[in-house]
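**Student:** Handing you a structure now.
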Amino acid sequence: MPKKIYITRNIPDNGISMLREKGFEIDINPDNRILSKSELVDSLKAKPYDAVLCLLTDTIDAEIFDACPTAKIFANYAVGFNNFNLADAKSRGVTVTNTPGGLTNTVAEHTIALMMTLASRIVEGDKYMREGKYNGWDPMLLLGRDLGGLTLGILGTGHIGSRVAHIASNGLGMKVAYYDIARNDRLEQECHAEICNNIEDVLKVSDAVSIHVPLLDSTKHLINADRLKMMKPTAYLLNTSRGPVIDEVALVEALQNKVIAGAGLDVFENEPKLAPGLAELPNVVLTPHIASGTESTRQDMSRMAATNLIEFLEGRVPPNSVPLA
């Protein structure tokens, strides 16, 4: 009998083709939307699936594992895995995998794009043009900021944070300050980055702060009202990691009161909802969780997720297992 795999939402077809070429039986959520918890449970109970390919929008915990006890691997189509209860997975002997690395450059470029859009006031300029307000060149119109020579603060210098630092330093001529739980000697050598003793020190010295930490209990609301007040009033806040690392209500208040100059956000605390007032602010750039959204990157993620499943189902160790300890 062929191995059975359930995929919770349609993904780029290169990974699906890889699985079908192996002779696996593939079922895909036909509605191409986020399934509710009860819908996902019902879908997984339909057959004795051997594996599940899920997305970051799926909450995977004991209820899901118990709905399909035959599935001993859940392959997450994402770098993060905060949508999993890893303790529940460990207690049931379930392997969890993710798709790291493939989207590093894509997310880093999107982060830089958010920062440049804020500094150049591109969204404001676009709106100004579409509203028919442009009457000719004006030497004082929508003045922005040069990024060269400014300091970019990086919170979390993993693959993505480090790549953002490299582009900012070597491409834009920015200074880099960072904080991480581990010192990044390579970043200091290649970008002349300066390590700070704590998050607060990064906030105080930076002209833009970019967040690249995983969502953990310890990082929820990492940026709150008190820490926003530590930033320069001319500073920008960038987030392409996970929405709940920022207290979004506090951020709206800080932007309204000009505590900071602006924010570029690709992720939100209660996706797909936005905190009241956020969408009306002129000093924000908002994108719908598309920082990894290039065709090549999403295909690479599909390939990685499929590879994880193939390796496991053929009796080998998948290359991107998430530690459950």
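**Student:** Probe 1.4 Å, all protein chains in place: accessible area of Tyr134 in Å², nearest 10?
**Tutor:** Probe radius 1.4 Å; accessible area of Tyr134 about 110 Å².
**Student:** Same structure, new question: Straight distance only, please: which lysines reach the Cα of Lys45 with their own Cα at less than 17 Å, same-chain residues fewer than 8 apart left out?
**Tutor:** The reachable lysines, counting only those whose Cα sits under 17 Å from Lys45, are Lys3, Lys4, Lys37, Lys72.
**Student:** Leaving ligands, DNA and RNA out of it, work out the accessible area of Cys54 with a 1.4 Å probe and give it in Å² to the nearest 10.
**Tutor:** 0 Å²
**Student:** Something else: Taking 0.36 nm per residue of sequence separation and subtracting the Cα-Cα distance, how much length would be gained by fully extending the chain between Glu131 and Asn283, in nm to one decimal?
**Tutor:** 53.0 nm
**Student:** Follow-up question, since we're still on this one. Can you run the Rg to Rh ratio on the stretch 233-307? Use alpha carbon positions and the Kirkwood inverse-distance Rh.
**Tutor:** My calculation puts Rg/Rh at 1.09.
**Student:** In addition: Counting Lys and Arg as +1 and Asp and Glu as -1, what is the net charge of the other residues whose Cβ lies under 13 Å from the Cβ of Leu222?
**Tutor:** Summing Lys and Arg as +1 and Asp and Glu as -1 gives -4.
**Student:** Follow-up question, since we're still on this one. Which value, in debye to the nearest 20, gives the size of the charge dipole of the chain about its Cα centre, when Lys and Arg are +1 and Asp and Glu are -1 at the Cβ?
**Tutor:** That gives a dipole near 220 debye.
**Student:** While we're looking at this one, here's another question. Report the GluC sites (Glu not before Pro) located in the stretch 63-162 that are in a DSSP loop and have at most 12 other Cβ atoms inside 10 Å of their Cβ, or state none.
**Tutor:** Sites meeting the loop and neighbour criteria: Glu131.
**Student:** I want the local charge near Asn308. Using Cβ-Cβ distances under 14 Å, sum +1 for each Lys or Arg and -1 for each Asp or Glu among the other residues.
**Tutor:** My count for the surroundings of Asn308 gives +1.
**Student:** Here is a further query. Okay, helix-only estimate at 222 nm for the chain: each DSSP H run of n ≥ 4 adds -39500 (n - 2.57), divide by all residues, round to 500 deg cm²/dmol; what do you get?
**Tutor:** The helix-only estimate for the chain comes to -9500 deg cm²/dmol at 222 nm.
**Student:** Show me 23-30, 69-76 ranked by packing, highest mean number of other Cβ atoms within 10 Å first.
**Tutor:** In descending order of packing, they fall as 69-76, 23-30.
The values are calculated or read from the model by the stated rules, or taken from the named source; none is laboratory data. Note that the structure is a prediction, hence the values are computed from the model and not measured. Positions of Cβ are generated from backbone atoms using ideal geometry, with glycine treated the same way; all protein chains shown enter the neighbour counts. Calculation scope for accessible area: heavy atoms of the full protein, side chains included, ligands and nucleic acids excluded. Shrake-Rupley method; radii C 1.70, N 1.55, O 1.52, S 1.80 Å.
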